[in-house]
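J.: One structure, as structure tokens, below. Some questions next.
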There are 2 protein chains.
Amino acid sequence: MPMKWISVLLLLQLSGHFSPGSCGKVLVWPTEYSHWINMKTILDALVQRGHEVTVLTSSASILVDPNKPSAIQFEIFPTSLTKDDFEDILMRLTSKWTYMPKYTFWTYFSLIQDNILEYFDCIQKLCKDAVLNKNLMRKLQESRFDVVLADPSGPCGELLAELLKIPFVYSLRFSFGYTIEKYSGGLPFPPSYVPIVLSELSDQMTFMERVKNMMYVLYFDFWFQAFSEKWDQLYSEALGRPTTLFELMRKAEIWFIRTYWDFEFPRPLLPHFQFVGGLHCKPAKPLPKEMEEFVQSSGENGIVVFSLSMVVTNMTEERANVIASALAQVPQKVIWRYDSKIPDTLGPNTQLYKWIPQNDLLGHPKTKAFITHGGANGIYEAIYHGIPMVGLPMFADQPDNIAHMKTKGAAVRLDFNTISSTDLLNALKTVINDPLYKENAMKLSRIHHDQPVKPLDRTVFWIEFVMRHKGAKHLRPAALDLTWVQYHSLDVIGFLLACVATATFVITKCVLFCCRKFLKTGKKKKRE
Amino acid sequence: MPMKWISVLLLLQLSGHFSPGSCGKVLVWPTEYSHWINMKTILDALVQRGHEVTVLTSSASILVDPNKPSAIQFEIFPTSLTKDDFEDILMRLTSKWTYMPKYTFWTYFSLIQDNILEYFDCIQKLCKDAVLNKNLMRKLQESRFDVVLADPSGPCGELLAELLKIPFVYSLRFSFGYTIEKYSGGLPFPPSYVPIVLSELSDQMTFMERVKNMMYVLYFDFWFQAFSEKWDQLYSEALGRPTTLFELMRKAEIWFIRTYWDFEFPRPLLPHFQFVGGLHCKPAKPLPKEMEEFVQSSGENGIVVFSLSMVVTNMTEERANVIASALAQVPQKVIWRYDSKIPDTLGPNTQLYKWIPQNDLLGHPKTKAFITHGGANGIYEAIYHGIPMVGLPMFADQPDNIAHMKTKGAAVRLDFNTISSTDLLNALKTVINDPLYKENAMKLSRIHHDQPVKPLDRTVFWIEFVMRHKGAKHLRPAALDLTWVQYHSLDVIGFLLACVATATFVITKCVLFCCRKFLKTGKKKKRE
């Protein structure tokens, strides 16, 4: 009975399922680095479908490369921040997070939270520079956009949409503690089986793990309430009426979450949430000639692809040597994206590249394993091509991503700061030689490919839906109009308990009254 | 920017998105009447895709028509029940439910629950006759089916699948109080904004409505626990080990719910739930010649289509006259599906038919309104073609369905047992002459048509997915392995409260001890 699932996907792709329609106008409020890489895939698809895409970004933005020709338009607004300021803040945050000894989560999160808040202050400054820039806002008003596409991990998109009176949609990997998804999306996260992001837990938790998960929930709930206050002020000022960040975020028409059930543990969703993980993945293209020759020279042993986050550039010599020495001992050829001093222990089987075509390498039939920092984009490329992983997670959701892959049996996890050469060597041997890892990676790959509609097509469909219907109000849960007390039915439970208590009290009083009356009559009769 | 959404759907349909693949073997445990009509659409689609479909049903089944040629195979097992017994039980239930004065829900549900339990006893007898029939079970074992498709509103499919050791999927409109979806599907139903089915509430509830909704939840929770006990016994006996109905039901790979967000109020779902309402809907075909002539004779006024449940046949003469008299007064022509004594008040504008091509009539450009009992299938045909409704709900989910359409502004609701001719006349005039009703019906129609994949294709895709992958375990929420206490984190909350209480107690004791010590020392010093 087995069917060729790939044919379904190919047919869908070839069918013109989303044939070019009339042109819409999309305004984009993006976030930097890997967020941008993912979002750009959506923008390219929108452009290809004939839509006009304008990315609103500041003069301090790192993602804008004016030398690269692109059909995407960029509206660049001035800010007193410089590219260097912005890059410096990001680098300090990611480096501190990466190279910090991993005490407990509470310790290290409290140590980096100042850097996180500094980053958000910076985003807030950019937002202020955009929305209070009258000329810019007039220009945007006149452009008559149909929809705003924003990444809520750097807020402002919702405020722009409110000012321009147009609907908006979100693309999001995660917010700290899923607080934004919960309080602005209305998504339920039962802490009994939904591990909070950054907890590195799975959906099968022991009692103490569930206690830990609950504490994460409480911690982030308080943390985020405090965080949002600053934004409430700016948003109220910009709109000229009291409002809050969460209130505006609640108006999002569709939430595109950058995961799917190949990666995520099954959990409740809502009709206006679309899980579109891996939308940037695509079949491998041929490698550059010199690289292909090196890959082919690996023979039956195949190759290992190794790439850490492009944000982390300052790897110490000691770490580089530990890694290079492990790589030198595997029978595979190794392709390592690395842009620093050449390690002394580098083996002849390892080639260093400043940049690698990662997706094409992962899709190469010779590739046996992927050593990765565990960014969601890279993980998805490995899932797409069914490649087992060795994870050296560094910051943000990376430890969590690797924990997911480990639970699903497709990765081994190591600690970048403390591993020895032997650890890395053993991990590599395990994922390459134990067939279970390949099997599990292939299983995830099959799940990823076997969807009724490809994630990118689904994303484009719903963005176009919002443009066609000027929103997607029919998907909006009424939960978003309830207070916390109402949502959890605490007022109703209180009322019903009060009714039961009153009824019990009245009945008891009546019974006691009757008993006393009866006893009195009895005594009187006895006396008579 | 508006796009022709219909083109997306047509292209998808024409594209061969689901091209015929290798053949799978599907075993079906169906439910009668409208449930069967809906399920048959899925079975026909599966047959068309090259799969072998076998419907397992008893000799008492009403749905099997041996005179109708069909590519669907029927495996009919003997039972001591007769068609008449079965029909009689169903008729008694539906008639009592329909013609009962509608006191409060509690009164009438308690009056009909004996009939409901009688119906389930009957289903249980059929189930027993199937699973304890050794020859039949051996035959089914040897047939090596790939998947069971069942309607859990008549249990047994899950037991068959367990005995045959194959995965199963569900097609379901609703269970009483959503108890099956909640306790076997793991679906959250926050009573604060998800109105319980049969409550006739919307998602925007006042405080007292939320109280009412909560009481429905509690009522059905207790009701269903009691109901399931009988089944637990049968299931344990058949499997030779202690088990429960809910335990087996929890193994469902995919749940196809026969509604969508055109009909339903947005509420939480889970990855293994697919909302496929209206999968049976299709474009209208031309009408029979005589009927088309009658329709065309209506001129600009157009026609009204009128059809009540095929289960309710014994309409009183008095009710028929009230209805006919109202219909006689509208300027439209009326097509009425009616199979009883011709009412005296029947107008010349009204034609009676024993059977009507309902979908083709609703899709006719002359159709202005639909008078319906509010069955989910009929409602979906009206949504599909964008026709406003007058609802005369009778039993089961019909009052709820009409309540949904009323809230969405596409229907007026009347009480079948008490309406006067004027009520019906006014209602008809309202939905035909107030353009808002047509507008809202068209809005629902647009929502229905504008999906990335048509509901029937989605259903077939996921059934084939389960056959291809021998299940869909990656979609199964871990919630299904938790107890009620664990799911609601009551143990964790208890533990954390105990920790806080202990810490408070110890700290208070310490402070008091220190205070006393300090005071004693102070007094001593004073004395000295």
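Here, each number is a calculation from the coordinates, and none is a lab measurement. All of these numbers come straight from a predicted model, not from anything done at the bench. Neighbour counts are summed over all protein chains in view; Cβ atoms, including those assigned to glycine, are modelled from backbone coordinates with ideal geometry.
J.: Across the residues of A:181-187, average count of Cβ atoms on other protein chains within 10 Å?
T.: 1
J.: With axes computed from alpha carbons, what is the tilt in degrees of helix A:83-99 against the longest principal axis of chain A, rounded to the nearest 10 within 0 to 90?
T.: Once rounded, one gets 80 degrees.
J.: Under a plain spin-label model, where a point goes 7 Å from the Cα along Cα-to-Cβ, how far apart in nm are A:Phe495 and B:Ile37?
T.: 3.8 nm
J.: Let me ask another. Output ³J(HN,Hα) for the stretch A:148-157: one whole-Hz value per residue in order, computed from phi by the Karplus curve 6.51 cos²θ - 1.76 cosθ + 1.60 with θ = phi - 60°, and x for Gly and Pro.
T.: 10, 10, 9, 9, x, 6, x, x, 2, x
J.: Related question: According to a simple spin-label model (label point 7 Å from Cα along Cα-to-Cβ), what is the distance in nm between B:Phe518 and B:Glu87?
T.: The two pseudo-label positions are separated by 9.0 nm.
J.: Under a 5 Å amide H to amide H cut-off, with H placed in plane at 1.01 Å, what residues pair with A:Leu270 once short-range neighbours are removed?
T.: Sorted by chain and number, the residues that satisfy this are B:Leu269.
J.: Right, here's the next one. Please list, in order along the stretch B:25-39, the HN-Hα scalar couplings obtained from phi with the Karplus expression 6.51 cos²θ - 1.76 cosθ + 1.60 (θ = phi - 60°), rounded to whole Hz, x for Gly and Pro.
T.: 10, 10, 9, 10, 10, x, 10, 6, 6, 4, 4, 5, 4, 5, 5
J.: Follow-up. Helix A:421-433: angle to the longest alpha-carbon principal axis of chain A, degrees 0 to 90, nearest 10?
T.: With both axes taken from Cα atoms, the answer is about 90 degrees.
J.: Roughly how far apart, in whole Å, are the Cα centres of the stretch B:459-528 and the stretch B:363-381?
T.: Here the answer is 53 Å between Cα centres.
J.: While we're here: For the stretch A:289-449, what's the radius of gyration and Dmax over Cα atoms, in angstrom?
T.: 14.2, 42
J.: Under unit Cβ charges (Lys, Arg +1; Asp, Glu -1), what dipole magnitude, rounded to 20 debye, does the protein assembly as shown have relative to its Cα centre?
T.: 3120 debye
J.: Short version: ³J(HN,Hα) in whole Hz for each residue of the stretch A:265-275, in order, from phi by Karplus 6.51 cos²θ - 1.76 cosθ + 1.60 (θ = phi - 60°), x for Gly and Pro, what are they?
T.: 7, x, 8, x, 10, 10, x, 8, 10, 10, 8
J.: Considering only DSSP beta bridges whose two residues both sit in chain B, what percent are antiparallel, to the nearest 5?
T.: Here the share of antiparallel DSSP bridges comes out near 0 percent.
J.: Right, another one. Based on the alpha carbon coordinates of the stretch B:428-469, what radius of gyration and maximum Cα-Cα distance (Dmax) apply, in Å?
T.: 17.2, 53
J.: Treating only the Cβ atoms of Lys and Arg (+1) and Asp and Glu (-1) as charged, compute the dipole magnitude of chain A about its Cα centre; round to the nearest 20 debye.
T.: It comes to approximately 2940 debye.
J.: Summing -39500 (n - 2.57) over the DSSP H runs of n ≥ 4 in the protein assembly as shown and dividing by its residue number, what mean residue ellipticity at 222 nm do you reach, to the nearest 500 deg cm²/dmol?
T.: So the helix-based figure for the protein assembly as shown works out to -16000 deg cm²/dmol.
J.: Can you list residues whose amide H is under 5 Å from A:Ser70's amide H, if they're 5+ apart or on another chain and H is modeled 1.01 Å from N?
T.: Placed amide hydrogens put nothing under 5 Å from A:Ser70.
J.: Take every Cα-Cα distance within the stretch B:101-217, group them into 5 Å bins from 0 onward, and report for each bin the whole-number percent of pairs it holds.
T.: Taking every Cα pair in the stretch B:101-217, the percentages come to 2, 10, 15, 17, 16, 13, 10, 7, 6, 3, 1, 0.
J.: Moving on. Which loop-located trypsin sites (Lys or Arg not before Pro) does the stretch B:125-158 contain, where loop means any DSSP state but H, G, I, E or B and the Cβ has at most 14 other Cβ atoms within 10 Å?
T.: B:Arg144
J.: In Å³ and rounded to a whole number, note down the convex hull volume per residue for the Cα atoms of chain B.
T.: Considering the Cα atoms of chain B, their hull volume per residue is 226 Å³.
J.: Taking only Cα atoms, what is the 0 to 90° angle, nearest 10, from helix B:490-527's long axis to the longest principal axis of chain B?
T.: So the inclination is approximately 30 degrees.
J.: Turning to a different aspect of this structure: More than 14 angstrom separation, counting every C-alpha pair in the stretch B:430-506; what % is that?
T.: It works out to 79 percent of all Cα pairs.
J.: Still on this structure, please answer the following. Using a 4.7 Å Cβ cut-off, which Cys residues in chain B lack a partner cysteine?
T.: B:Cys23, B:Cys122, B:Cys281, B:Cys499, B:Cys510, B:Cys514, B:Cys515
J.: Treating only the Cβ atoms of Lys and Arg (+1) and Asp and Glu (-1) as charged, compute the dipole magnitude of the stretch A:164-290 about its Cα centre; round to the nearest 20 debye.
T.: Computed about the Cα centre, the dipole is about 360 debye.
J.: Can I ask one more? Which of B:Lys139/B:Lys230; A:Lys366/A:Lys443; B:Lys182/B:Lys473; A:Lys165/A:Lys282; B:Lys285/B:Lys454; A:Lys25/A:Lys282 have a Cα-Cα distance over 24 Å?
T.: Checking Cα-Cα distances, B:Lys139/B:Lys230; A:Lys165/A:Lys282; A:Lys25/A:Lys282 exceed 24 Å.
J.: Same structure, new question: For the protein assembly as shown, what percent of Cα pairs sit more than 49 Å apart?
T.: 34 percent
J.: To continue, here is another question. I need the chymotrypsin sites (Phe, Trp or Tyr not before Pro) found in the stretch A:57-122, filtered to DSSP loop residues with at most 15 other beta carbons within 10 Å of theirs.
T.: Those that pass, being in a loop and sparsely packed, are A:Tyr103.
J.: Would you mind calculating the relative contact order of chain B from Cα pairs under 8 angstrom and at least 6 residues apart, reporting the percent as a whole number?
T.: 14 percent
J.: Over all alpha-carbon pairs in the stretch A:326-419, figure out the percentage whose distance exceeds 24 Å.
T.: The share of Cα pairs beyond 24 Å in the stretch A:326-419 comes to 19 percent.
J.: Taking the Cβ of each residue in B:Asp151, B:Asp221 as the centre, tally the other Cβ atoms inside 10 Å and list the residues starting with the fewest.
T.: With the fewest neighbours first, B:Asp151, B:Asp221 line up as B:Asp221, B:Asp151.
J.: What are the label-to-label distances in nm, one decimal and shortest first, from A:Asp339 to the same spot in the other copies, with labels 7 Å along Cα to Cβ?
T.: When each copy's label point is compared with this one, the spacings are 7.7 nm.
J.: Can you list residues from other chains, or at least 5 along the same chain, whose modelled amide H is less than 5 Å from the amide H of B:Ala411?
T.: B:Met389, B:Lys406
J.: List the trypsin sites (Lys or Arg not before Pro) in the stretch A:263-349 that DSSP assigns to loop (not H, G, I, E or B) and whose Cβ has at most 13 other Cβ atoms within 10 Å. Which are they?
T.: A:Lys341
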